[in-house]
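The structure appears right after this line, and notes come after that.
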Amino acid sequence: MTRIRGFYLAGERAILGAITVGFVLCFWEGLTRGWWARLLEPALGSGAAAWRISPIFLSSPTAVALTAIRVFATGDIWSDLGVSGLEFLLGFVLAIAVGIPLGLAAGWYRRFCFAIEPFLSALNATPRVALLPLIIIWVGIGIWSKVLVVFLGAVIPICINSLAGVRTTDAKLLRVARSFKAAEGRLFRTIILPSAVPFILTGLRLGVGRAMVGVVVGELYAATAGVGFMITVAGASFQTDKVFVGVAIIALAGVLMIEALSRLERRFETWRPKVGAAT
Amino acid sequence: MPVKLEAQRIRLEYHQPRTGARFLALDGVDLAIMDGEFVSIVGPSGCGKTTFLNVVDGLLPASSGRILLDGKVVTEPGRDRAMVFQDASLLPWRTVLGNVLYGLECQRTRAHSARERAQYFIEMVGLRGFEHHYPHELSGGMQQRVNLARALVMDPQILLMDEPFAALDAQTREVMQEELLEIWRAAKKTVLFITHQINEAIYLSDRVIVFTARPGRVKQSVAIDIERPRKLALKRDPRFLQIEDFVWNLIEDEVKKTMLADRTSRGSAAAGPADSGV
């Protein structure tokens, strides 16, 4: 008994999570297969029919799984995945290449920050997908419109967090560097940059979420390929299970990337200035 | 013994840009420290002790007056002075060795000799075997040892210590005090030590300087004529207690003045920057 208890406590988070996911999937499967309708019929009579839902509306976990296997086996999905992945990658790399230096520079040079702040705030407040019609006019419906939306989505959190990272550098460490007469360049390299690392990672994590939205919404709006495009086509032709496959792929990719970045962030946690430690 | 460090009528005034108020932190500090001497400054909190140390280090320019080290005027930080900081202030992304090397790197000392020297001082502060540990893996006392080694490795003419043991628990602090005296004897440095703990100041020092309440000035210099080496048991010696009582009486007036000043100025915009300065 104590061994079972120990096993449970060690993996409580995973076990409870798995149980609720299992319940929800089971409930869903039962809805399309009519398990609950049959179960409730003696009690509710004809009203129990409401507990049976057509697969074309809701699909079911098994149907989604089978469809997933099929699309991966036949290779339909690979080209869409490749296109979406490429859009994401190009946009995100571009966002890193622009956002980090821009944020660091804005954190370091006050006047530069004042100069670019209006653009940052305006862009931050605008849902980037609202710019899609414009972007499509400019670069068309190929991958570059999505790359641009991803870039615009991710660059803002990356930039703002890098900026915050520079600003929150521990004053005590700056004093150490000044006392040792560190040159400005060295001070930036040895104090400011490392202490901004945890913030930059936070920015990347937030940027992933925005970038995912950019890819999917961009493809839903106008595209010729990609997972978002696949979802639109499948939805328009009532292939509900295929829509779910697309959604699941996106969810899984997002969760994996965010989890990886969270782990990285935790590794650099000791680099973060201690809040409230300043006297 | 020649004079090592001299402060001549150091005055320091802050301007508060928001209110336009002026705030006098130091009002004519005069001080001379002999070569090899261990001098502590004590005073009520907010009296400008740390500010004064920052001026000596060259981090803060004095409004008037000057600091002379070996007869030369100090205007900016330099390698003839090394600061041991409050709260250790170690770089969390560097190992013990990396932290000790930091000052030398800033001064572009050649890598090979720098490593040897760093190793020497790491051993002096008793951290052999911890060279590759990161600060967060060390206790508070060990972090302070790294802080001390980082200053010693610069081979400064004078060590400036800014309440280095304030954040430690009482037992660790006592042990560190005793060790500091041993290291001081071995390293033969002049030390200017800031603390708000009277018995710490007396135990460590040849001379204790009592600061007045804000604005800071030298109220009195108290020579501690107790032979060395000193053991921790000294703190219960009647002679020690007598000096402690004497110094405490000097400070008590000042503390009361500070409290009174705070009470009368509460709510007004006259409040100045905190004691920790920069």
>> Here is the link list: A:146/A:242; A:181/B:219; B:189/B:257; B:4/B:235. Which ones come out longer than 24 Å on Cα distance?
In response: A:181/B:219; B:189/B:257; B:4/B:235
> What are the aspartates and glutamates whose alpha-carbon lies under 15 Å from the alpha-carbon of residue B:72, with same-chain residues fewer than 8 places away excluded?
Replying inline: B:6, B:35, B:57, B:80
> For chain A, what is the relative contact order in percent, using Cα pairs closer than 8 Å and at least 6 residues apart in sequence?
Replying inline: 21 percent
> When only C-alpha pairs under 8 Å and at least 6 residues apart count, what is the relative contact order of the range A:2-53, in percent?
Replying inline: 27 percent
>> Based on Cα coordinates alone, diagonalise the gyration tensor for the range A:134-195, multiply each eigenvalue by 5, take square roots, and list the semi-axes in whole Å, largest first.
In response: 40, 11, 7
> Could you state the number of Å between the C-alpha centres of the range A:1-71 and the range B:124-158?
Replying inline: 59 Å
> Tilt of helix B:238-265 relative to the longest C-alpha principal axis of chain B, in degrees (0 to 90, nearest 10)?
Replying inline: 60 degrees
> How many partner chain Cβ atoms sit within 10 Å of a residue's Cβ in peptide B:106-112, on average, as a whole number?
Replying inline: 2
> Going by alpha carbons, how many degrees (0 to 90, nearest 10) lie between the helix axis of B:111-124 and the longest principal axis of chain B?
Replying inline: 70 degrees
> Counting every Cα pair in chain B, what percent are over 31 Å apart?
Replying inline: 28 percent
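Under the Kirkwood approximation applied to all pairs of distinct alpha-carbon atoms, what is the hydrodynamic radius of the range B:82-155 in Å?
11.8 Å
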> Cα to Cα, under 14 Å, and not fewer than 8 places away if on the same chain: which aspartates and glutamates meet these conditions relative to residue A:274?
Replying inline: A:170, B:87
> Looking at the square roots a ≥ b ≥ c of the eigenvalues of the Cα gyration tensor of the protein assembly as shown, which shape do they give, rounded for a/c under 1.5, prolate if a/b is larger than b/c, or oblate?
Replying inline: prolate
> If you bin the C-alpha pair distances of the range A:231-274 every 5 Å from 0, what whole percents do you get?
Replying inline: 5, 21, 14, 12, 11, 9, 9, 7, 6, 5, 2
> To the nearest 500 deg cm²/dmol, what mean residue ellipticity at 222 nm is calculated for chain A from DSSP H runs of n ≥ 4 alone, each contributing -39,500 (n - 2.57), summed and divided by the residues?
Replying inline: -26000 deg cm²/dmol
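Nearest 5 percent is fine: what portion of the DSSP beta bridges confined to the protein assembly as shown is antiparallel?
In the protein assembly as shown, DSSP labels about 55 percent of beta bridges as antiparallel.
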> Hey, how much of the P(r) for the range A:47-202 falls beyond 19 Å, as a percent of Cα pairs?
Replying inline: 68 percent
> Hey, if you drop one equal point scatterer on each alpha-carbon of chain A and run the Debye formula without solvent, what base-10 log of I(q)/I(0) do you get at q = 0.07, 0.13 Å⁻¹?
Replying inline: -0.41, -1.00
> For chain B, what is the calculated [θ] at 222 nm in deg cm²/dmol (nearest 500), taking -39500 (n - 2.57) for each run of four or more DSSP H residues and dividing by its residue count?
Replying inline: -11500 deg cm²/dmol
> To the nearest µm²/s, what D does Stokes-Einstein give for the range B:1-124 at 25 °C and 0.890 mPa s, using the Kirkwood radius over alpha carbon pairs as Rh?
Replying inline: 146 µm²/s
> On average, how many beta carbons from a partner chain sit within 10 Å of the beta carbon of a residue in B:50-60?
Replying inline: 1
> What list do you get for A:162, B:89 if you sort them by fewest beta carbons within 10 Å?
Replying inline: B:89, A:162
> What helices does chain A have that are whole DSSP H segments, at least 24 Å long along their own axis by Cα, and with mean Kyte-Doolittle hydropathy of 0.0 or more?
Replying inline: A:12-33, A:76-108, A:143-167, A:193-221, A:240-267
>> Give the average over all directions of the projected area of the C-alpha convex hull of the range B:123-258, one decimal, in nm².
In response: 9.3 nm²
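Quick note: the coordinates plus some simple rules give every number you see, no bench work behind them. No experiment lies behind these values; they were computed from the predicted model shown. FYI the Cβ positions are ideal-geometry reconstructions off the backbone, even for glycines, and counts take in every protein chain you see.
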